[in-house]
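Single-structure report; data block below.
The values are calculated or read from the model by the stated rules, or taken from the named source; none is laboratory data. Only a predicted model underlies this, so the values are computations on that prediction, with no experimental measurement involved. Counting neighbours? That spans all protein chains shown, and the Cβs are built from the backbone with ideal geometry, glycine included. Side chains are part of the model used for accessible areas, which takes the heavy atoms of the whole protein and leaves out ligands, DNA and RNA. Shrake-Rupley method; radii C 1.70, N 1.55, O 1.52, S 1.80 Å.
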Amino acid sequence: HDESVRAAALHPSGGFVATSASDADRTVKVWQLGSGRLVATVASPGTTPVRVAWSGDGRHLVATSAGLVSRWRFTPPESQRFQCV
């Protein structure tokens, strides 16, 4: 992120973290903790701060802002992609 991180959520496996910042582009980034490598970047709509959370089984990443919810299906890092739901 180009600005300070406002929210972070640890993946249930403990191997990844999702972060959001006050960036104007509204990005949510997923990092692999062991390597520090950026795994994915997705965008969340809205104008208020983005908060992030993982589903209990770690299959979905959720981002919220005032009145909006975005959800992506997390695919293991060997394929390095997110699918919009």
Filtering the range 52-72 down to residues that are in a loop (DSSP other than H, G, I, E, B) and in contact with a strand residue (DSSP E or B) (Cβ under 8 Å, 6 or more places away or on another chain) yields Ser55, Gly58, Arg59
Of the residues in the range 7-51 that are assigned to a strand (DSSP E or B) and within 16 Å of Leu68 (Cβ to Cβ), the one that is modelled with the lowest pLDDT is Ala43
Reported set for the range 1-50 where residues are open to solvent by less than 20 Å² (accessible area, probe 1.4 Å) and touching a Leu at 6+ places or on another chain (Cβ under 6 Å) is Ala18
For the range 53-73 the number of residues that are open to solvent by 20 Å² or more (accessible area, probe 1.4 Å), within 22 Å of Gly14 (Cβ to Cβ) and under 11 Å from the mean Cα position of the chain (by Cα) is 6
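Yes or no, residue by residue, for (1) closer than 13 Å to Ser20 by Cα; (2) small (Gly, Ala, Ser):
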site: Ala43; (1), (2): yes, yes
site: Arg51; (1), (2): yes, no
site: Ser55; (1), (2): no, yes
site: Ser65; (1), (2): yes, yes
site: Arg73; (1), (2): no, no
Pairing a residue in the range 48-77 that is free of Cβ contacts under 8 Å to residues at least 24 places away in the same chain with any residue that is outside any loop (DSSP other than H, G, I, E, B) and hydroxyl-bearing (Ser, Thr, Tyr), where Cβ atoms lie under 9 Å and the two sit 6 or more apart in sequence or on different chains, gives Thr48/Ser65; Val62/Ser70; Thr64/Ser70
